[in-house]
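Some notes on the structure that comes next.
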Amino acid sequence: MVGNPPDQGGTTVINGPVIPVTVDMRNPDGSPAFITTTTQNCPNCTPAQLGQNIRLISRPDPFASLFMNGPQFQNEYTSSPVPTQIMDAEQRAEFGNHAPQDWQRSELDSTLSKCG
């Protein structure tokens, strides 16, 4: 746990940069890994999609904005007089009435780094 004890009040701001990662699966020899689509590994594929070689790589681009707008970073929980982030809301629930109105365990201040 970081920040002030609940009985002291105040807010602790934590800089939490988010660094997107591309997962690139490789074969033992280091070459890119592929999988051929079948009805077993792709039950929702159309007939035209079956038999295709698909590279096993996952890029973070489609998920970055969803993650940054998630409960870790948004002040949308109303467990205190001021809307707060999910981690603060959980801590507030644990400490109950030991924390003054202005106490926030932490406030994540994050920026999304470019995926290079």
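The rows are residues; the columns are (1) modelled with pLDDT of 90 or more; (2) more than 19 Å from I19 (Cβ to Cβ).
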| position | (1), (2) |
| --- | --- |
| P43 | yes, yes |
| P47 | yes, yes |
| A64 | no, no |
| N69 | no, no |
| S80 | no, yes |
Starting from the range 25-45, keep only residues that are in contact (Cβ under 8 Å) with a residue 24 or more places away in the chain, then list their pairs with residues that are of a type in the set (G, A, S) whose Cβ atoms are within a distance under 6 Å, requiring at least 6 positions of separation or different chains. M25/A33
Can you tell me which condition G30 does not meet? The list is (1) modelled with pLDDT of 75 or more; (2) on the phi < 0 side of the Ramachandran plot, and all the others hold. (2)
Every residue from the range 10-43 that is more than 27 Å from the chain's Cα centre (by Cα) and not in a strand (DSSP E or B): N27, P28, D29, G30, S31, T37, T38, T39, Q40, P43
For the range 20-44, enumerate the residues that are polar (S, T, N, Q) and more than 13 Å from S58 (Cβ to Cβ). N27, S31, T36, T37, T38, T39, Q40, N41, N44
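The values are calculated or read from the model by the stated rules, or taken from the named source; none is laboratory data. Treat the numbers as computed from the prediction; the structure is a model and nothing was measured. Every residue, glycine as well, gets a Cβ built from its backbone with ideal geometry; the counts of neighbours run over all protein chains shown.
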